[in-house]
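A quick write-up on the structure given underneath.
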Amino acid sequence: MRDVLDPSTGAVVDRVPELGPDDVDAVLTRTLDAHADWSRSNVRVRRDVLREVARLIRVNAEHLARLESAQAGKPISAARGEVGAAAEVFEFYAGAVDKIHGSTIPGNADGTLLTFREPIGPSVAIVPWNFPLLILCWKVAPALAMGNAVVAKPASQTPLTAIALAELAEGAGLPPGTFQVVTGPGGSLGEALVTDPRVRKVSFTGSTEVGSRIMALAARDITRVGLELGGKSASLVFDDLSDDQLDACVASSLWSVFDNTGQDCCARSRMFVHESVVDDFTERFVAATEAIRIGPTGDGDTELGPLISEDQRAIAEEYLASAQADGARLRTGGVRPDLPGSYLTPAVLDRADVGMRFMREEIFGPVVGIQSFRTEDEAIALANASIHGLSGTIWCRDIGRALRVARGVETGMLSINTSSSVHIEAPFGGVKQSGIGRDQGLVALEHFSELKTVFIAAD
Ligand code: NDP
């Protein structure tokens, strides 16, 4: 058994089993049995079950939010938002079940050419600890909608909402075995799932390092993979914003990096600001950062909670030290407030440079670097000076420039004059080392299905 800890207090919230490779055979045997039935189920049955899961998430929202807040160290207001978004994911895929299909194709032969869109097969979802419930839903809901049975392995720090979701799903009428949650170490249990030849698809969200390993392991059996990996996203702030717009840019940019205490793959942790406004922007950004309310996660007014663990805080502190050693200037933050748990005040560094390690590597903590630029081309080059390409924001009144820059930035997602980058209706994922494939939107259904081409002779 393994303790699940509350990062804001260090208290034990619950205990969960530690499964290992020896347990995988029984789990997958059950999955295969369930898949045989679920993959042949009527789409209306699937639609109704998914709709009911969404309803039960809403009915149990406060319970789920408290679990999520406790295990992940999230402010309760943020956890409530995440649970609401999780319900929306199931609502979206309940409505999408019957909107994806094969097609008939004009052919030059004497007959009919068509495609069947079929479930991809028994699937595995491996998810991280930063948005444990929501990211799980991004994978499980489309997998189920497409008619696949799925086994989920949550991060070891945050298994509780995954377990609760599986219970709700069974309560919603999902046949037993169709969605199972297994808890245990990624390096042993996770790899045993990935390398089992009965698994047809692995959908993973986590670090680039582990994603690369999973891709290599999956290569043996040509198991399909979807990988949502790390990011080092950029905000680009141009020089044509009005005073009010600059305020709005600061208010939004603040949360584009510090939301979830910076433990967000989309965190815009590199800010590139035109040289004529960089001083003004930085002053306002520092003031806004210092106004963020840090506190106990159960307090409704708290905006920022702790990092997930002491280890994660130590990583952020180490990057802060390296940033300063490399010549960046710490303007605010980076101290441990007088609170139990792994808290760290959000840190802003200016005089940053993309050559510095803290501007190149994903930190997954509340740390942002600000660097100035002179020209549009330089802004694009700075944004692209990363192995990652997940998200990004452009702040600019000139729509022509905004669109030119949007085309130039190598990224999977981009927002203009807002930091909002997650929409259940739209594909979510990255380019370069930020991953392969997409979660969310109708495209996720494509990634949980295969096309079969069928030709029927006319006579
Ligand atoms: P990890 O990659 O360490 O772990 C993610 C999941 O993979 C966990 O469930 C973990 O299990 C499991 N795992 C670990 N090693 C293996 C392995 N060898 N084989 C199979 N599974 C394994 O990431 P973190 O938990 O540290 O999450 C943070 C990372 O996730 C960040 O890099 C972040 O950018 C990324 N992320 C990406 C997102 C995206 O959509 N692109 C969204 C959110 C996060 P265990 O916990 O037991 O080790």
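The values are calculated or read from the model by the stated rules, or taken from the named source; none is laboratory data. Quantities reported herein were computed from a predicted structural model and do not represent experimental measurements. Glycine gets a Cβ as well: all are built from the backbone with ideal geometry, and neighbour counts include every protein chain shown. For the accessible areas, the whole protein counts, side chains as well, though only heavy atoms, and no ligand, DNA or RNA atoms are used. Shrake-Rupley method; radii C 1.70, N 1.55, O 1.52, S 1.80 Å.
Remarks
- Criterion (within 16 Å of the ligand (Cβ to nearest atom) and outside any loop (DSSP other than H, G, I, E, B)) met by exactly one of F364, F358: F358
- First in the range 355-367 and charged (D, E, K, R), second anywhere and open to solvent by 50 Å² or more (accessible area, probe 1.4 Å) and away from the ligand (no atom under 14 Å from the Cβ), Cβ under 9 Å, 6 or more apart: R357/D326
- Listing of helices (runs of 4 or more DSSP H) fully contained in the range 1-82 that carry 2 or more residues being modelled with pLDDT of 95 or more and either outside the structural domain of I100 (by TED's automatic domain parsing) or closer than 17 Å to V150 by Cβ (or both): 24-38, 43-59
- Criterion (at positive phi and in contact with a helix residue (DSSP H, G or I) (Cβ under 7 Å, 6 or more places away or on another chain)) met by exactly one of F364, F358: F364
- One residue from S322, S235, S252 being touching a helix residue (DSSP H, G or I) at 6+ places or on another chain (Cβ under 6 Å) and surrounded by fewer than 19 Cβ atoms within 10 Å (Cβ to Cβ): S322
- Any hit, the range 381-392, residues being in contact (Cβ under 8 Å) with a residue 12 or more places away in the chain and touching a helix residue (DSSP H, G or I) at 6+ places or on another chain (Cβ under 6 Å): no
- Qualifying residue in the range 115-138 (condition: away from the ligand (no atom under 14 Å from the Cβ), more than 21 Å from R198 (Cα to Cα) and either under 18 Å from the mean Cα position of the chain (by Cα) or open to solvent by less than 30 Å² (accessible area, probe 1.4 Å) (or both)): yes
- Of all the residues in the range 34-51, those that are surrounded by fewer than 19 Cβ atoms within 10 Å (Cβ to Cβ) and out of contact with any helix residue (DSSP H, G or I) (no Cβ under 6 Å at 6 or more places or on another chain) number 10.
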